[in-house]
Amino acid sequence: MSELTDLYQEVVLDHGKRPRNYGPLEGATHRAEGLNPLCGDRIAVQARLEDGVVRDVRFEGSGCAISKASASVMTGFAKGRTPAEIDAVFEQFHRLVTEGPGAVDAESLGKLAVFGGVHEYPTRVKCASLPWHALRQALRGGGEAISTE
Amino acid sequence: MSVSGTSAAGEKRLSGAAPARRPAPAFDAARAREDFPILRQRVHGRPLVYLDNAATTQKPRAVIDAISRYYEEDNANVHRGVHLLSERATRRHDEARKRVARFIGAPDPREVIFVRGTTEAVNLVAQTFGRTRVGAGDEVLVTELEHHSNIVPWQMLCQEKGARLRVVPVTDTGDLDLDALEALLGPRTRLLAVTQVSNALGTVNPLPEIIARAKARGVPVLVDGAQGAPHLGFDAAASGADFYAFSGHKLYGPTGVGVLWGRREHLEAMPPWQGGGDMILSVTFEKTIYNALPHKFEAGTPDIAGAIGLAAAIDYVDGLGLEAIAAHERELLALAVDALEAEEGVRLVGTPRERAGVVSFLVGDVHPHDVGTVLDRHGVAVRAGHHCAQPLMQRLGLAATARASFGLYNTPEDVDALVRGIRAVREMFA
Ligand SMILES: Cc1ncc(COP(=O)(O)O)c(C=O)c1O
């Protein structure tokens, strides 16, 4: 049996409680909102893209510890990367949260690897991926609210 | 709060525990629990404590057996064969309808329409009764306590007809504001749709008073009995209501079957809903003559096994006595409310005058989803979310709550397990 602490690792709890990059972003060029219809949670992501690179990214909204921590770690990770790089990492991240650490090169994920316990909790996969959907939607020039369904 | 040290094996006794207040021994929940095979399992290495009964209840052996027996011995289509099996299946389906009629005090079994569940029952009324009664500028009245399934069908109808959906507000305690109801009942009100019991807060609505007020203005009333039927029962004839809807699966019966009861004069006057087999007397390409009640509203092969399973569930509940079950659940709920109120960091959401089945709560500023996950790992199944009542959640200024909901097989030990789980939540997110 997996332990609760696999899901709620210290780093996850910390980011959930004290999310980084939380609040409005001055001069945002891209924004989108992610909705989880299961629980009514919403995470809004704003990014400033310059020369094809994410210079800054912040998020706001209400969510559980997992979705807030995921948004917090993701925003830190996304800074200085291109949308294509972010898409590629998301693919790895999605595999991590659905299939587990064995299915990916965890090294390449860096700090994102703290979500390695999520795959044991199928109902929480959407919480972890919600901010990513919002960010990628924003960078594609979306802006419509998107849902995890 | 009080917690017993005798429950889940291997749990350590909580300090500062006074002896728990126990429900009267008239009803033996621990014994009834034995009738439910699913409750014997362990989840995540702990005994299963099932507190998600408002979502769906577990099924007693008697219901599981009735369904198996039907398929093993009687299965055939109804109303269609001259052979013995079809006669038996038809008879058992008819008997199930009569059983339901007796359970809800319907004067005539032909007023009992089998549907898929509460949602389908409400949609049926909206699209037949509603469509013929509601026009441009008219009003349909719902309440802030309603489940989405008693909101959206009316919203769709109002959109189609250019009518207005109006909403009876709740007070801060989670009770309906009856003065506001009075003010909202107007000359254009064509229907009031109201729940018997709130699935999100547990509020028991004062139906006699509500129905009397609507009747005084000549407004028909649909009662959503999804949560009321299992905890309070219903007396259709005495209630003054015009329609009553409930789901078999929340009453210890199978999924896929539910009931719409309606007053005979309404059902006779309503156009059919879905067309097909069984709902007709004769068909030519020029003209179809519709069948009599209840078949007019039951197009196609019904969920025969489901209806038989539902009748078995009603037999089971009546065997234990709905009164006794209700008394047991009331005591359990009082125990849970007291325990949660006394628990540090826990806030109850909704403190209605009268409550049935449900208690909604928050643990500090921990998101209910996280509360649900931690409780699950402690073997305690609760629901976390908006409970398909988003307008109510908005009114309360919340995105979600955690909800514990009780059934006949729950015991004071289950309340203890809930409290222990909540303490683990607080520890984890301290
Ligand atoms: C008050 C209330 N109304 C309606 C429903 C819908 O019932 P069903 O999903 O069985 O159609 C529910 C169940 O979730 C409910 O609790």
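Each value in this text was obtained by applying a stated rule to the coordinates, not by laboratory testing. For clarity, every value in this text was computed on a predicted model and none was experimentally measured. Virtual Cβ from ideal backbone geometry, glycine too; neighbours counted across all protein chains shown.
Packing here is the average count of other Cβ atoms within 10 Å per residue, and on that basis the peptides B:219-232, B:410-423, B:390-403, highest first, run B:219-232, B:410-423, B:390-403.
Relative to the longest principal axis of the Cα atoms of chain B, the long axis of helix B:412-428 lies at roughly 70 degrees. When the helices of chain B are scored as -39500 (n - 2.57) per DSSP H run of n ≥ 4 and the total is divided over every residue, the value at 222 nm lands at -10500 deg cm²/dmol. Cα centroid separation, region B:404-430 to region B:211-278: 34 Å. Residues considered: B:Arg164, B:Arg91, B:Arg99. Largest GNM mean-square fluctuation over chain B, using C-alpha springs under 10 Å, is found at B:Arg91. Taking Cα centre as origin and charging only the Cβ of basic (Lys, Arg, +1) and acidic (Asp, Glu, -1) residues, the dipole magnitude of region B:273-430 rounds to 520 debye.
Taking R0 as 56 Å, what's the FRET efficiency between B:Ala334 and A:Lys79 from their Cβ-Cβ distance, rounded to 0.05?
Working: r = 53 Å, r/R0 = 0.95.
The calculated FRET efficiency here is 0.55.
Calculate the dipole size of the protein assembly as shown relative to its Cα centre from +1 charges on Lys and Arg beta carbons and -1 charges on Asp and Glu beta carbons; express the result in debye to the nearest 20.
Details: 65 positive and 72 negative charges, 74 e Å.
Charge dipole, the protein assembly as shown, about its Cα centre: 360 debye, nearest 20.
With unit charges on the beta carbons (Lys and Arg positive, Asp and Glu negative) and the dipole taken about the Cα centre of region B:280-430, which residue among B:Pro412, B:Tyr290, B:Leu320 sits farthest to the positive side? Final value for the positive-end residue is B:Tyr290.
Taken residue by residue and averaged, Cβ atoms of other chains lying within 10 Å of the Cβ of B:370-380 number 4.
Run through the DSSP bridge list for region B:78-192 and note the antiparallel percent, rounded to the nearest 5. List each step's numbers first, then the result.
Details: 1 of 9 bridges.
The antiparallel fraction comes to roughly 10 percent.
To the nearest 0.05, what FRET efficiency results for A:Ala106 and A:Arg55 with a Förster distance of 30 Å applied to their C-beta separation?
Once the sixth-power term is evaluated, E becomes 0.65.
Can you tell me the 0 to 90 degree angle between the C-alpha axis of helix B:207-216 and the longest principal axis of chain B, rounded to 10? Once rounded, the angle reads 30 degrees.
Against chain B, whose longest principal axis is taken from its Cα atoms, helix B:152-161 shows a tilt of about 40°. For chain A, complete DSSP H runs whose alpha carbons reach 15 Å or more along their own long axis and whose mean Kyte-Doolittle score is 0.5 or higher are A:65-78. Here chain A is treated with +1 on each Lys and Arg Cβ and -1 on each Asp and Glu Cβ, and its dipole about the Cα centre works out to around 400 debye.
Modelled label positions at B:Asp94 and A:Asp6, each set 7 Å beyond Cα in the direction of Cβ, lie 5.7 nm from each other. What's the FRET efficiency of B:Glu87 with B:Asp28 using the Cβ-Cβ distance as r and R₀ = 45 Å, to the nearest 0.05? Calculated transfer efficiency: 0.70.
Show me the ranking of peptides A:49-58, B:329-338, B:273-282, B:110-119 by mean Cβ neighbours inside 10 Å, starting with the highest. Before the final figure, lay out each step's value.
Working: A:49-58: 16.0, B:329-338: 19.4, B:273-282: 14.4, B:110-119: 23.2.
Order by mean packing, descending: B:110-119, B:329-338, A:49-58, B:273-282.
For the cross-link pairs B:Lys215/B:Lys287; B:Lys59/B:Lys98; A:Lys68/B:Lys250; A:Lys17/B:Lys59, which exceed 30 Å when the distance is taken from alpha carbon to alpha carbon? Mind dumping the intermediate values first?
On the way: B:Lys215/B:Lys287 37 Å; B:Lys59/B:Lys98 21 Å; A:Lys68/B:Lys250 34 Å; A:Lys17/B:Lys59 40 Å.
From B:Lys215/B:Lys287; B:Lys59/B:Lys98; A:Lys68/B:Lys250; A:Lys17/B:Lys59, over 30 Å: B:Lys215/B:Lys287; A:Lys68/B:Lys250; A:Lys17/B:Lys59.
Here's the picture: charge each Lys and Arg Cβ at +1 and each Asp and Glu Cβ at -1 in chain B, and of B:Ala106, B:Gly385, B:Gly253 the one pushed furthest to the positive end of that dipole is B:Gly253. Taking region B:82-125 and a reference point 7 angstrom along Cα→Cβ of B:Ala55, no backbone N atom is nearer than 17 Å. Shape annotation for region B:58-126: C-alpha extents along the principal axes are 37, 32, 22 Å, from largest to smallest. A full extension of the chain between B:Ala424 and B:Arg347 corresponds to an added length of 26.1 nm, given 0.36 nm per residue minus the alpha carbon distance.
I'd like the antiparallel share, as a percent to the nearest 5, of DSSP beta bridges with both residues in chain B.
Details: 29 of 48 bridges.
Of those bridges, close to 60 percent are antiparallel.
Available extension along the chain between B:Arg264 and B:Arg395 is 43.5 nm, counting 0.36 nm per residue and deducting the alpha carbon span.
Each of B:Leu48, B:Ala76, B:Gly117 was placed along the dipole of region B:20-132 (beta-carbon charges, centred on the mean Cα), and the one lying farthest toward the positive end is B:Leu48. Computed from label points 7 Å out along Cα-Cβ, the spacing between A:His94 and B:Ala136 is 4.8 nm. Under the simplified labelling scheme, the B:Asp318-B:Ala212 pair shows an inter-label distance of 3.0 nm, with each label point 7 Å from Cα along Cα→Cβ. Three principal axis extents of chain B based on alpha-carbon atoms, in descending order, are 77, 55, 33 Å. Working note: Karplus 6.51/-1.76/1.60 with θ = phi - 60° gives region B:352-366 the couplings x, 4, 10, 9, 9, x, 10, 9, 9, 8, 10, 10, x, 9, 6 Hz, where Gly and Pro are set to x.
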